[in-house]
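The structure under discussion is supplied below as structure tokens; questions concerning it will follow.
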Amino acid sequence: MSQERQRQRNLRVSDSEREHVVGLLQRAIGRGMLDLDEFTERTDVALAARTRGELNAVLVDLPGLVHRDAVTTAAMPAPGAAPNPVPGVPGVPGPLGASGERLELKAHGSNLKRNGRWHVPAEIYVRNKYGETKLDFTEAEVAHPVVHVELDTKWGSVTVVIPQTASVDINNITEVKWGSLEDKTNSNGKAGTPRYVLTGRVHGGSLTIKNPRGGLFS
């Protein structure tokens, strides 16, 4: 292996790259290349990967699927394939979660609550003022391995309940003002499926992420 190729393999990867590869794995399971157990195993590896070499390892035997900047270790796209571009990266295939499927939950002076068996799309936008918000994903039907949840709440607490096998990413919460943020699951940045990526702001209230009642950290 050349020094340049070794250097490329040792480059650190970002959250967006991990999510992109998870999208490719989802595409592979849709084509019958992977079964559910293989998909789950490779997703965990992809979300825990720290270097490009580790990340590309889950794609190397999947023809027609390629991670950006990784043509040396994964197959090139099949002839005639029409990749879904990632915004700002011309010609790069994007994750299936970028399909535009989005749920908007809005309230003013009222409580927002989703629990039980409810459908969870790739993106959720929550806007609530003067009311409490609770998103319970314990029994939810989650269509994507990565779910983006954007918060815009004021003067009300937010509670997010995730299964024991799931994880969160709260590194892109831009503002918690006159409130608090607590991850009782201790899963931030760790491998888990589904993975809930929380962004946005919480103003005048708490944000709590926890497992279902009865879990170790609930």
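If you project the alpha carbons of the range 145-218 onto the principal axes, what extent comes out on each, in Å, largest first?
On the principal axes, the range 145-218 reaches 30, 24, 14 Å in Cα extent.
Subtracting the Cα-Cα distance from 0.36 nm times the residue separation, let me have the gained length for D152 to S206 in nm, one decimal.
Values: separation 54, 0.36 × 54 = 19.44 nm, distance 1.23 nm.
Taking 0.36 nm per residue and subtracting the Cα distance, the gain is 18.2 nm.
Can you give me the distance in nm between label points at D37 and W178, each placed 7 Å from the Cα along the Cα-to-Cβ direction?
Reported label-point gap for D37 and W178 is 5.4 nm.
Taking amide H atoms as placed 1.01 Å from N in the peptide plane, list the residues 5 or more away in sequence, or in a different chain, whose amide H sits under 5 Å from that of V168.
Residues meeting the amide H criterion: S187, N188, G189, K190, Y196.
Per residue, how much accessible surface does the range 125-218 expose to a 1.4 Å probe? Answer in Å², no decimals.
44 Å²
The values are calculated or read from the model by the stated rules, or taken from the named source; none is laboratory data. Keep in mind it's a predicted model, so treat the numbers as computed, not measured. FYI the Cβ positions are ideal-geometry reconstructions off the backbone, even for glycines, and counts take in every protein chain you see. In case anyone asks, the SASA skips ligands and DNA or RNA and just uses the protein heavy atoms, side chains included. Shrake-Rupley method; radii C 1.70, N 1.55, O 1.52, S 1.80 Å.
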